[in-house]
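Below is one structure, written out as structure tokens, with a few remarks after it.
The values are calculated or read from the model by the stated rules, or taken from the named source; none is laboratory data. Since this is a predicted model, take the numbers as computed values, not measurements. Ideal geometry is used to build each Cβ from the backbone, glycine not excepted, and the neighbour counts take in all protein chains shown. Keep in mind that these areas ignore ligands, DNA and RNA; they rest on the heavy atoms of the full protein, side chains included. Shrake-Rupley method; radii C 1.70, N 1.55, O 1.52, S 1.80 Å.
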Amino acid sequence: MQHDIHILGLNHRTADVNVRECFSLKEQVSFEECVESLGKAVDELLVLSTCNRVEILVVAPLGSGAGEKVIRCWAESSGRSPSELAPHVYHRRGLEAVEHLFQVAAGLDSMVLGEPQILGQLKQAYKNAVDKGQTKVVVNRLLHKAFSTAKRVRTETGIGTSAVSISYAAVELAKHIFGEMGDKKAMLIGAGEMAELAATHLVGAGVKSLSVVNRTLSRAEELAARFKGRPLAFAELIDRLPEVDIVISSTGSPEPIIRARDIKDVLKKRKFKPMFFIDIAVPRDIDPDINSLDNVYLYDIDDLKDVVEENKAQRATEAEKARDIIRSESEKFGQWLKSLDLQPTIVDLLGQGEAIARKELRRTLKRLGPDCPQSVQDAVEKLALSLAHKLYHPPLLFLKRRSQEEDGGERFLDLARRMFDLDDEVVPPDAHMDRKPAAKE
């Protein structure tokens, strides 16, 4: 192989948020200009920048020192020195880089194991790189393979089926109790990060309506507007409770804001229809005595943590299955990389031609019958193999000439392998497209 694959990155494991903010590549213009100035040292480029990671994928000629040069560009474009950046950066090369990318796409390298948001971000990063003309044969094939591998992991393992965040677990419990959520009304008390995540999961679960209560009404209005909900003043809280079925509370109040005596009156007004309360605040927002009331279900953060920990263990088991899939797919990609050298493609093409010739030869000899002289059989075999070699001679000559070009003819080798179906694999041309907007990792 004439080129090598590099991934240089930092993430939540190697750098704290202050470092990640310093070296974020959300604005990539100066970095990309620096990489372009490297000329032939970098052939292909893709940049992934999220809240929890920055990763730079490059394909470069062997021995070009691309890793060190990219770190220099990265540091300089961030207004820092390479010595400040280098201690936080991991550098994967070759098949290690391939396997790492597949793990990222499948959610195995995320802060929350198995969460799918990073896949959407990776698809968007790839689309940006394609639009800028920064990708060629290797990155195109690598990203298509990453997407199909992630899909296979989701299909063949249960890594994404159980709740591993407090907010997600809260909504999953509500779904377990109520079943169908389309006719249920929900209320969020508080408008912080936990409430925002809960709102995302509630809307995703299909609740009929969402109200947001907060001591600062403007914050309630802001969060409600994002999710097409209704903002409510804090003073309206108790009066509005009879209208809702699900209450998730996450304020910073030092004492309970909902007491058992309040809920007794609320239940009467609801004609004792079931209510579901999830208290994810510390200290608790909701008086635990309400759990003694009929048709009231109350869970606090400790209850949810037990669910989350159990599900994390389940995901870890599923992650081992996912890693087996990723190792297998990485090895297949490695074989394809080797095929980009000219000699393996020549062997594969001639082998395919000879296989076709011998298959047709067997059919012909069968029709000629058992009395056909051996000399005739030998002549027919020689003719069949000679035709196969002559038919493949022009494309082989074309590939040999192209392999002498500056880019090593990789694009033509890849096209030839696809045209003659040498890898027995079809990659959809729109595999990088994502129908949903990318969420934050």
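Computed values, structure above
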| item | result |
| --- | --- |
| Residue satisfying all of: in the stretch 206-235; in contact with a strand residue (DSSP E or B) (Cβ under 7 Å, 6 or more places away or on another chain) and assigned to a loop (DSSP other than H, G, I, E, B); surrounded by the most Cβ atoms within 10 Å (Cβ to Cβ) among these | V207 |
| Residue list for the stretch 65-117, restricted to those being part of a loop (DSSP other than H, G, I, E, B) and polar (S, T, N, Q) | S78, S81, S110 |
| Residue among D324, D306 that alone is part of a helix (DSSP H, G or I), within 20 Å of the chain's Cα centre (by Cα) and free of Cβ contacts under 8 Å to residues at least 40 places away in the same chain | D324 |
| Inter-residue pairs, beta-carbon under 9 Å, first without any contact (Cβ under 8 Å) to a residue 60 or more places away in the chain and in the stretch 332-352, second among the small types (G, A, S), 6+ apart | L350/A388 |
| Qualifying residue in the stretch 98-108 (condition: without any contact (Cβ under 8 Å) to a residue 12 or more places away in the chain and either under 21 Å from Y126 (Cα atoms) or over 27 Å from the mean Cα position of the chain (by Cα) (or both)) | no |
| Hits in the stretch 269-283 - residues which are assigned to a loop (DSSP other than H, G, I, E, B) and either at positive phi or modelled with pLDDT of 90 or more (or both) | R270, K271, F272, K273, P274 |
| Positions within the stretch 286-317 being buried (at least 19 other Cβ atoms within 10 Å of the Cβ) and in contact with a Gly (Cβ under 8 Å, 6 or more places away or on another chain), in sequence order | R315 |
| Unique residue being under 18 Å from A174 (Cβ atoms), in a helix (DSSP H, G or I) and over 41 Å from the mean Cα position of the chain (by Cα) when the list is V266, V203 | V266 |
| Which listed residue, of E44, E27, E33, E21, is acidic (D, E) and within 19 Å of N140 (Cα to Cα) | E44 |
| Residue ID - nearest to L45 (Cα to Cα), chosen from residues in the stretch 134-158 that are open to solvent by 60 Å² or more (accessible area, probe 1.4 Å) and not hydroxyl-bearing (S, T, Y) | K136 |
| Residue check for E115: within 24 Å of the chain's Cα centre (by Cα), open to solvent by 30 Å² or more (accessible area, probe 1.4 Å), closer than 19 Å to A146 by Cα and modelled with pLDDT of 95 or more | no |
| Search result, residues across the stretch 1-23 that are without any contact (Cβ under 8 Å) to a residue 40 or more places away in the chain and either touching a strand residue (DSSP E or B) at 6+ places or on another chain (Cβ under 9 Å) or closer than 25 Å to L62 by Cα (or both) | R13, R20 |
| Sole exception among (1) surrounded by fewer than 18 Cβ atoms within 10 Å (Cβ to Cβ); (2) in contact with a Lys or Arg (Cβ under 9 Å, 6 or more places away or on another chain); (3) in a helix (DSSP H, G or I) for D183, by number | (3) |
| Qualifying residue in the stretch 326-334 (condition: surrounded by fewer than 19 Cβ atoms within 10 Å (Cβ to Cβ) and in contact with a strand residue (DSSP E or B) (Cβ under 8 Å, 6 or more places away or on another chain)) | no |
| Exclusive hit being at pLDDT 95 or above and either in contact with a helix residue (DSSP H, G or I) (Cβ under 8 Å, 6 or more places away or on another chain) or farther than 21 Å from V296 by Cα (or both), set L197, L241, L223 | L241 |
